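Novice: Once you've had a glance at the structure underneath, I'll fire off some questions.
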């Protein structure tokens, strides 16, 4: 039995704003195995983005235990986190290759190697030939691919994605879902994927952690036993429907 | 430079060319109108000299054009660069410390309401007259737009980009040089352009109030003898100094800020 890469136990976080306490997460308890892609799904205000920030080391948590890394998979909080947000957040004064290199520059990695890696990643995400373009020359979906390459350039063990495809149109989104599965498989990263989309969460995840708002709490942790590699026609399988129905029910939408 | 398709590029080039041509024509037209007005209207020379008479004033050695222009230019440049250094530094300190910003920003907004020209007599009391107090006038009037636009530009950075750098345990300096400063550059340049025009006005007002050198000083001297051509020439030279400053800022902006990010 391998040790979990991420171990969360009873994690809570309260924000204090102007005297009022706002409970952002309560009692988040789940494990993530190395190389898993875990979806975090729930409505706005359920604390899923806050949880990512706690994992990225951007916010301290108030209570509970957060452990990342294991004996076999050591974790360096500075080097081993890659982040992708809903907006691509590319620096518009930098060419795509230079954008992808940003984390390597900040970490002071050897630039020769980083550049070779950045080029390889750009071809992995399907942006070969766009290295010298500026972000405005790319479509939203292509910019988000560049943002994924940027999150991988320093070879982090953990990639945190906060609704990365939320701003894309439905067709591009489906395409990016397939792309993400391919990138995940080829890179072998552990990925935490935050989304509003229930079917997206089930389609992508090896597991889906369901969170509810008001009060913010963790409602369920579902192992998704769909065959891999996932294909779009699985969305019509009975199993797929059962999973999504179960999540809809948990979120009080049925 | 961006790579545009061939046809689009040619169109853009010919468009730029015709625009430049029109701009040159407009300026020549003004010169011609000025000449025609003086020649046909029988206007006395002390009211409005012809372009030729104005040009001739340049050869009057008594006016020390080189020295006076040099002094005015120096005042403007010293005041302007001081304003740039202080404005950007303060804006940077404000992004680093929310408390500092909350305390000083309202104060600076109020201070900005002071008509800086009204400070002239005080500056003379404090610093006597000469190049430095006039630079100070230029500084006091140019620093606010630079400070306020830079502070705004630095604030515009997306919070998630800050998260990205912080998650990598990047330093404040890396955050500033790699994200905030280049992101704020279009705003800084927009403040610098406004500041360049104001710095020229500040220095001239300083010279009007009290000085013994400079083009503003010279204008007051020749006003007494009603040498209007020399006054015209002084105005033209002041304008040219302003154009040189503004032009350098514009050139620098072209080099440093990509076209789609410029604020016009």
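Novice: Considering each of A:82, A:108 in turn, give the residue that is facing chain B (nearest Cβ under 10 Å), closer than 22 Å to residue B:183 by Cβ and free of Cβ contacts under 8 Å to residues at least 12 places away in the same chain. Give the derivation first.
Specialist: Values: A:82 fails: free of Cβ contacts under 8 Å to residues at least 12 places away in the same chain.
Residue meeting the stated conditions: A:108.
Novice: Next question, about the same structure. Please determine, by comparing only the residues of the stretch A:62-72 that are more than 14 Å from chain B (Cβ to nearest Cβ) and within 19 Å of the chain's Cα centre (by Cα), which one is farthest from residue A:7 (Cα to Cα).
Specialist: Of the stretch A:62-72, the ones more than 14 Å from chain B (Cβ to nearest Cβ) are A:62-67, A:69-72.
Next, from what is left, pick out any that are within 19 Å of the chain's Cα centre (by Cα): A:66-67, A:69.
Values: A:66: 6, A:67: 5, A:69: 9 Å.
Among those residues, the one meeting the criterion is A:69.
Novice: Would you mind finding the one in A:23, A:37 that is modelled with pLDDT of 85 or more and either in contact with a strand residue (DSSP E or B) (Cβ under 7 Å, 6 or more places away or on another chain) or more than 29 Å from residue A:182 (Cβ to Cβ) (or both)? Full working, then the answer.
Specialist: Numbers: A:23 fails: modelled with pLDDT of 85 or more.
Testing whether each residue is modelled with pLDDT of 85 or more and either in contact with a strand residue (DSSP E or B) (Cβ under 7 Å, 6 or more places away or on another chain) or more than 29 Å from residue A:182 (Cβ to Cβ) (or both) leaves just A:37.
Novice: Checking the conditions here, which among A:174, A:200, A:113, A:131 is in contact with a helix residue (DSSP H, G or I) (Cβ under 8 Å, 6 or more places away or on another chain), more than 14 Å from every other protein chain (Cβ to nearest Cβ), surrounded by fewer than 21 Cβ atoms within 10 Å (Cβ to Cβ) and at negative phi?
Specialist: Numbers: A:200 fails: surrounded by fewer than 21 Cβ atoms within 10 Å (Cβ to Cβ); A:113 fails: in contact with a helix residue (DSSP H, G or I) (Cβ under 8 Å, 6 or more places away or on another chain); A:131 fails: more than 14 Å from every other protein chain (Cβ to nearest Cβ).
Going through A:174, A:200, A:113, A:131 in turn, just one is in contact with a helix residue (DSSP H, G or I) (Cβ under 8 Å, 6 or more places away or on another chain), more than 14 Å from every other protein chain (Cβ to nearest Cβ), surrounded by fewer than 21 Cβ atoms within 10 Å (Cβ to Cβ) and at negative phi: A:174.
Novice: I need the full set of residues from the stretch A:1-20 which are over 20 Å from the mean Cα position of the chain (by Cα) and not in a strand (DSSP E or B), in order please.
Specialist: Once the filter is applied, which keeps residues that are over 20 Å from the mean Cα position of the chain (by Cα) and not in a strand (DSSP E or B), the stretch A:1-20 yields A:1, A:2, A:3, A:18, A:19.
Novice: Can you pull out the residues in the stretch B:232-264 that are within 14 Å of another protein chain (Cβ to nearest Cβ), under 16 Å from residue B:194 (Cα atoms) and in a helix (DSSP H, G or I)?
Specialist: Kept after step one, since they are within 14 Å of another protein chain (Cβ to nearest Cβ), are these residues of the stretch B:232-264: B:253-263.
Among the residues that remain, those that are also under 16 Å from residue B:194 (Cα atoms) are: B:253, B:262-263.
Within the stretch B:232-264, B:253 is the sole residue that qualifies.
Novice: Identify, by number, the condition in (1) within 22 Å of residue B:153 (Cβ to Cβ); (2) at pLDDT 90 or above; (3) touching a helix residue (DSSP H, G or I) at 6+ places or on another chain (Cβ under 8 Å) that residue B:110 doesn't meet.
Specialist: (3)
Novice: Please work out which residue is nearest to residue A:95 (Cα to Cα), limiting yourself to the stretch B:208-243 and to residues that are in contact (Cβ under 8 Å) with a residue 40 or more places away in the chain and exposed (fewer than 14 other Cβ atoms within 10 Å of the Cβ).
Specialist: Residue satisfying both the conditions and the ranking: B:212.
Novice: Can you tell me which residue within the stretch B:163-174, out of those that are out of contact with any strand residue (DSSP E or B) (no Cβ under 9 Å at 6 or more places or on another chain) and facing chain A (nearest Cβ under 9 Å), is surrounded by the fewest Cβ atoms within 10 Å (Cβ to Cβ)? Working first, answer last.
Specialist: From the stretch B:163-174, those out of contact with any strand residue (DSSP E or B) (no Cβ under 9 Å at 6 or more places or on another chain) are B:165-166, B:169-174; that's our starting set.
Among the residues that remain, those that are also facing chain A (nearest Cβ under 9 Å) are: B:165-166, B:169-171, B:174.
Numbers: B:165: 21, B:166: 17, B:169: 15, B:170: 21, B:171: 10, B:174: 18.
Restricting to residues being out of contact with any strand residue (DSSP E or B) (no Cβ under 9 Å at 6 or more places or on another chain) and facing chain A (nearest Cβ under 9 Å), the top hit is B:171.
Novice: Take residue A:14 and decide whether it is touching a strand residue (DSSP E or B) at 6+ places or on another chain (Cβ under 7 Å), in contact (Cβ under 8 Å) with a residue 60 or more places away in the chain and surrounded by fewer than 16 Cβ atoms within 10 Å (Cβ to Cβ). Can you show your working first?
Specialist: Details: touching a strand residue (DSSP E or B) at 6+ places or on another chain (Cβ under 7 Å): yes; in contact (Cβ under 8 Å) with a residue 60 or more places away in the chain: no; surrounded by fewer than 16 Cβ atoms within 10 Å (Cβ to Cβ): yes.
So residue A:14 does not fit the description; no.
Novice: Restricting the search to the stretch B:103-120, which residues are exposed (fewer than 11 other Cβ atoms within 10 Å of the Cβ) and in a helix (DSSP H, G or I)? Even if it seems obvious, please write down each step before you answer.
Specialist: Restricting attention to the stretch B:103-120, the residues satisfying the condition of being exposed (fewer than 11 other Cβ atoms within 10 Å of the Cβ) are B:106-107, B:110, B:113, B:115, B:118.
Of everything in the stretch B:103-120, those that are exposed (fewer than 11 other Cβ atoms within 10 Å of the Cβ) and in a helix (DSSP H, G or I) turn out to be B:106, B:107, B:110, B:118.
Novice: Restricting attention to the stretch B:68-91, report how many residues are modelled with pLDDT of 95 or more and surrounded by fewer than 14 Cβ atoms within 10 Å (Cβ to Cβ).
Specialist: Going through the stretch B:68-91 one residue at a time, the tally reaches 1.
Novice: Just to check your reading of the model, which residue among B:166, B:152 is modelled with pLDDT of 90 or more, under 24 Å from the mean Cα position of the chain (by Cα) and assigned to a helix (DSSP H, G or I)?
Specialist: On the way: B:166 fails: under 24 Å from the mean Cα position of the chain (by Cα).
The conditions single out B:152.
Novice: Away from every other protein chain (no Cβ under 11 Å), surrounded by fewer than 21 Cβ atoms within 10 Å (Cβ to Cβ) and not in a strand (DSSP E or B): does that describe residue A:97? Reasoning before the result, please.
Specialist: Working: away from every other protein chain (no Cβ under 11 Å): yes; surrounded by fewer than 21 Cβ atoms within 10 Å (Cβ to Cβ): yes; not in a strand (DSSP E or B): yes.
Yes, satisfied.
Novice: Looking at B:208, B:189, B:139, which one is in contact with a helix residue (DSSP H, G or I) (Cβ under 7 Å, 6 or more places away or on another chain), under 25 Å from residue B:82 (Cβ atoms), part of a helix (DSSP H, G or I) and within 14 Å of chain A (Cβ to nearest Cβ)?
Specialist: Numbers: B:208 fails: within 14 Å of chain A (Cβ to nearest Cβ); B:139 fails: within 14 Å of chain A (Cβ to nearest Cβ).
That would be B:189, the only listed residue that is in contact with a helix residue (DSSP H, G or I) (Cβ under 7 Å, 6 or more places away or on another chain), under 25 Å from residue B:82 (Cβ atoms), part of a helix (DSSP H, G or I) and within 14 Å of chain A (Cβ to nearest Cβ).
Novice: If I filter the stretch A:106-117 for residues that are modelled with pLDDT under 90 and over 29 Å from residue A:200 (Cα atoms), do I get at least one hit? Give the steps one after another, and end with the answer.
Specialist: Looking only at the stretch A:106-117, we keep the residues that are modelled with pLDDT under 90, and these are none.
There is no residue in the stretch A:106-117 that is modelled with pLDDT under 90 and over 29 Å from residue A:200 (Cα atoms).
Novice: Name the one entry in A:40, A:52, A:23 that is touching a residue at least 40 places away in the same chain (Cβ under 8 Å), under 14 Å from the mean Cα position of the chain (by Cα) and part of a strand (DSSP E or B).
Specialist: Details: A:52 fails: part of a strand (DSSP E or B); A:23 fails: under 14 Å from the mean Cα position of the chain (by Cα).
So the residue among A:40, A:52, A:23 that is touching a residue at least 40 places away in the same chain (Cβ under 8 Å), under 14 Å from the mean Cα position of the chain (by Cα) and part of a strand (DSSP E or B) is A:40.
The values are calculated or read from the model by the stated rules, or taken from the named source; none is laboratory data. The structure presented is a predicted model; accordingly, all values stated were derived computationally and were not measured. Cβ atoms come from the backbone with ideal geometry, glycine included; neighbour counts cover every protein chain shown.
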